[in-house]
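Working notes, structure below.
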Amino acid sequence: MSANTFIWQGREIPFVAGESIAAALTAAGILTFGPDMSGRETRYFCGIGACQNCLVRVDGRVVEACLTAAHTGLVVTAAGGAHG
């Protein structure tokens, strides 16, 4: 794994120090984050954690991607299962 990258659905995603997971995914051209646990498609929306529309699973825990800082070595997947 390269420095300043995390894994999204098996793909290395670069990020800038201090950037959120949602910002890094969006910068990489990933605009939807897969279904949440209820099957609703998630994406970066409010950016302040109010809407919970950017839920992802980080190292097995469901978090808001806009409030979670990107770190080298994180494994990030869709919150509800496989990403289409």
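The values are calculated or read from the model by the stated rules, or taken from the named source; none is laboratory data. These figures come from a predicted structure and were not determined experimentally. Cβ placement follows ideal geometry from the backbone for every residue including glycine, while neighbour counts extend to all protein chains displayed.
Report whether or not G10 is closer than 15 Å to V75 by Cβ, surrounded by fewer than 18 Cβ atoms within 10 Å (Cβ to Cβ) and free of Cβ contacts under 8 Å to residues at least 60 places away in the same chain. For G10, the condition - closer than 15 Å to V75 by Cβ, surrounded by fewer than 18 Cβ atoms within 10 Å (Cβ to Cβ) and free of Cβ contacts under 8 Å to residues at least 60 places away in the same chain - is met.
Yes/no per residue for (1) of a type in the set (S, T, N, Q); (2) surrounded by fewer than 18 Cβ atoms within 10 Å (Cβ to Cβ):
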{"site": "S20", "(1), (2)": "yes, no"}
{"site": "A23", "(1), (2)": "no, no"}
{"site": "F33", "(1), (2)": "no, no"}
{"site": "A50", "(1), (2)": "no, yes"}
{"site": "R61", "(1), (2)": "no, yes"}
{"site": "T68", "(1), (2)": "yes, no"}
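Suppose the filter is touching a residue at least 40 places away in the same chain (Cβ under 8 Å), of a type outside the set (D, E, K, R) and surrounded by 15 or more Cβ atoms within 10 Å (Cβ to Cβ); does T42 pass it? In short, no.
Once the stretch 15-57 is narrowed to residues that are of a type in the set (A, V, I, L, M), out of contact with any Lys or Arg (no Cβ under 8 Å at 6 or more places or on another chain) and in a loop (DSSP other than H, G, I, E, B), the residue that is modelled with the lowest pLDDT is M37. The residue that is modelled with the lowest pLDDT, counting only those in the stretch 60-84 that are under 11 Å from the mean Cα position of the chain (by Cα) and not in a strand (DSSP E or B), is A79.
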